Each structure stands twice: as C-alpha cells, then as structure tokens.
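Worksheet for the structure shown next.
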Amino acid sequence: MKKTAKKTKKSQAKTQSNFHLTLTTFVRHTLQDFVVREGMKALSEVLLEEQEALCGPKHKKPDSKDDAQRWGTAQGRLSFGGQRVLVERPRVRKGGKEIPLQTWDDFSEEDPLNNRAFEQMVVGVSTRSFERTLDDLPEELGSHGTSKSAASRRFSKKTGEQLEAWLSRPLGEFSLIAIMLDGIVVDGQAVLVALGITEEGEKEPLGLWVGSTENASVVQSLLNNLVERGLDPMVRRLFVIDGGKALRKAIRDTFGKRALIQRCQVHKVRNVLDHLPEKMRPSVAAQMKAAYRSKSKSMAKKKLLKLKDHLDNNYPDAAASLREGLDETLSIKDIGLPDALERTLSTTNMLENLNGSIRRVTRNVKRWQNGEMIKRWVVAGILEAGARFRRLRGYKGLSKLSNFLQETAGQNAQLDDGNVAA
C-alpha cells in the first residue's frame, strides 16, 4: 500500500509538473503573441495618425489637387525581434508624388536587426543556428530574413561598420598610462593587439594589425597607426610585452627611452621551463615566482641570478633564457605599487584573457576569406570582451606609477637626444 501511494504521489507530481511546464510555455507564447500584435497595432495607429495629420480627417475632401491625399496601402517589411516582418502601411500622395511617412522611415531602419544578428553571433551562435535562436512570431507577420546567408550579410555589414569606426577613432582623449601588446594567431596570420590602461584604471582596446608573422614591420605599423590617431610619442608610458625582440625594437624606435618596458614574468617563466626536463620544471617555476614576489628589485634580482648560476652547468640554455632581459622583468618592482596592481602590470595576462574572447568568437568561422574578414571577427571579439571590462585591481595605486613616470621623464628624454620617432 505504501509503495502504491508513493507511486501515485510521484505520478501526480510529474503530471502537475508537466501541466505547469505546458501552461508556462502556453502563457509565454500567448503573452509574446499579445505583445507583438499590440505593438503592431500601436504602430499601425501611429502611421494612421501621421497620415491624418498630412491629409486631414478621413472623410474630408481635399480643397485642391495640390493637397495631400490618401492613396491606399502597401505592404512593407520592418525589423522586429531579429527578423523582417510584413506590415501594411498607409500611403500619401501630393502633387502626383508619394510623400514618405517619417514614422515608417524611423521604424524601417536596419540597425535594430543588425544589432540582434551581431549580438547572437558574438555570444556563440553560428549562422547555421541563427534562425533557431529567434523568437516565435505570429504567422501573419511573414517572418523573413532569417536564413544563414542573410544572417551572414547582416553580420558582415555590422562588423564592417564597427571595424571602420573602431580602427579610426582618435586616441588623444584617453589619458593612457600603460599599453600592453601581444599577438594571437587566426587562420595562420598573426594579429597584434594593443590594449591601453588609463590613469583611472580603465582598460581601452586601442587597435590591431594583421600580418603573416609577428615581426618588427607589423609591430611598427601598429605603433605608427596609434601615433597617427593621437597617441603622443613624447609622453613617457609603461609598455608591457611578452618579451619578443620585434616588439621591443619597434617600441624603442617609436618612443625611445621614454618607454618604460616591462617584460611579462609569466612568459619569462614559460620560456625558461621550455629548456628544462619535466622533473625540473615545478621547482624552477616556484623559485622564479618567489623571486618575482620579493619586496625589492635588488632582492628579486639576487634570487634570479642565484638560480641562473645553479642552472649554468647542466642547463645552460635555460640559464641564458633566464638572464636575457632579466632587468626588464623587474622594471616596476621598486615603484611602490600595491601588490595586486604590480602583479597585474608585470604580465600580459589581461591581453591573454582578451585573446581568449577573440578565440571564442572566431571559432564559429569555418572558412576564412581574407585579412579583412579576420579583422572584422577579431574586432567583434574585442568589443564583446570590452563590454565586460572592469577597472584594474588596485587602480588607485596608478598615481604612484604616474608620479614615477613623470619624475623619470626628463632624464630619459635627454638619453634620446631628440631621436624619438614622431
């Protein structure tokens, strides 16, 4: 009896759950249909009101042939819920020519539809699956423009517009205190990305450049582009890079000694470990990280050089990698920044996270056509990531970095002897 009662309760609970699910689905679709139909009804009323404002009351005859007159209706399509829907619109003629209704022109803009297509794709919806993600609309509205090719065209248009606007915007308005540079490979091509950090701790994507490899000319082209758009090369800033020689050379050629270069500590650890056997890697990684957490530059350097000496005999390549650019991995060590801020500015992890967003967005592309397409999709990934950007941890400590850069700007300007590229 108990088992039977238990089964009965389960059955009743399941039936009730199914009922609620069915009811919820019904209510959702009914409410959605209601909203759509009422919205279209409201739009129709607004169009008729504008028609009446132009032509006068419905049964009033025009005073002359030159007065505006009603001229029947015509079917047209409007953007709605990521689709193009069929709508009946009233027509008005005057002097033998049709007068466009301002309300219709306002509602027939393509932007809302393009924004929806763009939003769907950057969150991971492929063009093949785009139609499945759209809201159901009443059949009489004649849903249109949901095909794979239509979605692709809208996405191309939207990202093309964003690419042009984003890559040409002026940079002089940003109070940039630091710039991070790093690359990502998309379809075999190197895409170099620049991420700026303002004095208020805000992250600002600055630009990108596409090339076959991350070489000096590609880096130089990107930096020249930033300068042309308003980045003052005479201002002393912090540059955080992965350690590539091409990056360093282009920065020095463009900004001279005014650029304070910080090599990424994470990349340096990886580079050293690449020259070591598996069994050695955990110990060496722990020692390097402990050194980078030291309270002073001199103490950190002492620990790193001691490790280098230990590696010299058996692992000379690892020792050489550790020694190369060692000072530049400690460039901001003695400025007195908060620990969290110092850790953030000692690596290119922020750009690694940005690159992760780019990879997630671009993974839906099955066939790349050209570099312009790569640029469009990379910008889509950057803009998607930028919507979630937060201020740097410990950003209030950036005032110490700013003071340090200003205090040391004079002596570095003298070292340049006026040879900074403009």
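Of all the residues that make up the stretch 267-306, how many are within 33 Å of the chain's Cα centre (by Cα), among the hydrophobic types (A, V, I, L, M, F, W, C) and surrounded by fewer than 17 Cβ atoms within 10 Å (Cβ to Cβ)?
1
Output the residues belonging to the stretch 351-399 that are closer than 19 Å to Gly160 by Cβ, aromatic (Phe, Trp, Tyr) and surrounded by 15 or more Cβ atoms within 10 Å (Cβ to Cβ).
Trp377
For the stretch 252-267, how many residues meet the condition of being closer than 16 Å to Leu351 by Cα, assigned to a helix (DSSP H, G or I) and either touching a helix residue (DSSP H, G or I) at 6+ places or on another chain (Cβ under 7 Å) or not assigned by TED's automatic domain parsing to the domain that holds Glu407 (or both)?
2
Would you call Ile332 in a helix (DSSP H, G or I) and crowded, with 19+ Cβ neighbours inside 10 Å?
On the way: in a helix (DSSP H, G or I): no; crowded, with 19+ Cβ neighbours inside 10 Å: yes.
Considered against the rule, which asks whether it is in a helix (DSSP H, G or I) and crowded, with 19+ Cβ neighbours inside 10 Å, Ile332 comes out as no.
So is Leu311 surrounded by 21 or more Cβ atoms within 10 Å (Cβ to Cβ) and part of a helix (DSSP H, G or I) or not? Outline the logic, then answer.
Details: surrounded by 21 or more Cβ atoms within 10 Å (Cβ to Cβ): yes; part of a helix (DSSP H, G or I): yes.
Taking the combined requirement at face value, the residue satisfies it.
Is there any pair linking a residue in the stretch 52-72 that is at pLDDT 80 or above to one that is surrounded by 14 or more Cβ atoms within 10 Å (Cβ to Cβ) and part of a loop (DSSP other than H, G, I, E, B), with Cβ under 7 Å and at least six apart or on different chains, and which?
Leu54/Ala68; Leu54/Ile99; Cys55/Ala68; Ala68/Ile99
Between Leu137, Leu163, Leu195, Leu167, which is hydrophobic (A, V, I, L, M, F, W, C), out of contact with any Cys (no Cβ under 8 Å at 6 or more places or on another chain) and either assigned to a strand (DSSP E or B) or modelled with pLDDT of 85 or more (or both)?
On the way: Leu137 fails: either assigned to a strand (DSSP E or B) or modelled with pLDDT of 85 or more (or both); Leu163 fails: either assigned to a strand (DSSP E or B) or modelled with pLDDT of 85 or more (or both); Leu167 fails: either assigned to a strand (DSSP E or B) or modelled with pLDDT of 85 or more (or both).
So the residue among Leu137, Leu163, Leu195, Leu167 that is hydrophobic (A, V, I, L, M, F, W, C), out of contact with any Cys (no Cβ under 8 Å at 6 or more places or on another chain) and either assigned to a strand (DSSP E or B) or modelled with pLDDT of 85 or more (or both) is Leu195.
Determine which single condition Lys249 fails, assuming it passes every other condition in (1) within 22 Å of Leu401 (Cα to Cα); (2) modelled with pLDDT under 95; (3) not in a loop (DSSP other than H, G, I, E, B).
In the conditions (1) within 22 Å of Leu401 (Cα to Cα); (2) modelled with pLDDT under 95; (3) not in a loop (DSSP other than H, G, I, E, B), Lys249 misses (1) alone.
Here are some conditions: (1) at pLDDT below 65; (2) aliphatic (A, V, I, L, M); (3) more than 30 Å from Ile382 (Cα to Cα). Val87 meets all but one. Which one does it not meet?
Val87 satisfies all of (1) at pLDDT below 65; (2) aliphatic (A, V, I, L, M); (3) more than 30 Å from Ile382 (Cα to Cα) except (1).
Taking the stated definitions as given, is Phe239 crowded, with 19+ Cβ neighbours inside 10 Å, aromatic (Phe, Trp, Tyr) and in contact with a helix residue (DSSP H, G or I) (Cβ under 7 Å, 6 or more places away or on another chain)? Talk me through it step by step, then tell me what you get.
Values: crowded, with 19+ Cβ neighbours inside 10 Å: yes; aromatic (Phe, Trp, Tyr): yes; in contact with a helix residue (DSSP H, G or I) (Cβ under 7 Å, 6 or more places away or on another chain): yes.
Spelling it out, Phe239 is indeed crowded, with 19+ Cβ neighbours inside 10 Å, aromatic (Phe, Trp, Tyr) and in contact with a helix residue (DSSP H, G or I) (Cβ under 7 Å, 6 or more places away or on another chain).
So how many residues does the stretch 196-218 have that are touching a Phe, Trp or Tyr at 6+ places or on another chain (Cβ under 8 Å) and under 13 Å from Ala250 (Cβ atoms)?
Here the count works out to 1.
Among (1) small (Gly, Ala, Ser); (2) surrounded by fewer than 19 Cβ atoms within 10 Å (Cβ to Cβ); (3) free of Cβ contacts under 8 Å to residues at least 60 places away in the same chain, which single condition is Ser402 missing?
Condition not satisfied by Ser402: (3).
Could you please give the count of residues in the stretch 51-80 that are farther than 11 Å from Val92 by Cα and in contact with a Pro (Cβ under 6 Å, 6 or more places away or on another chain)?
Matching residues across the stretch 51-80 total 1.
Does the stretch 280-294 contain at least one residue that is outside any helix (DSSP H, G or I), within 21 Å of Asp317 (Cα to Cα), assigned by TED's automatic domain parsing to the domain that holds Leu326 and not charged (D, E, K, R)?
No, that holds for no residue.
Being part of a helix (DSSP H, G or I), farther than 25 Å from Ser168 by Cα and in contact (Cβ under 8 Å) with a residue 24 or more places away in the chain: is that true of Val218 here?
no
The values are calculated or read from the model by the stated rules, or taken from the named source; none is laboratory data. Source: prediction; values computed, not measured. Here Cβ is always computed from backbone atoms with ideal geometry, including for glycine, and neighbour counts include all displayed protein chains.
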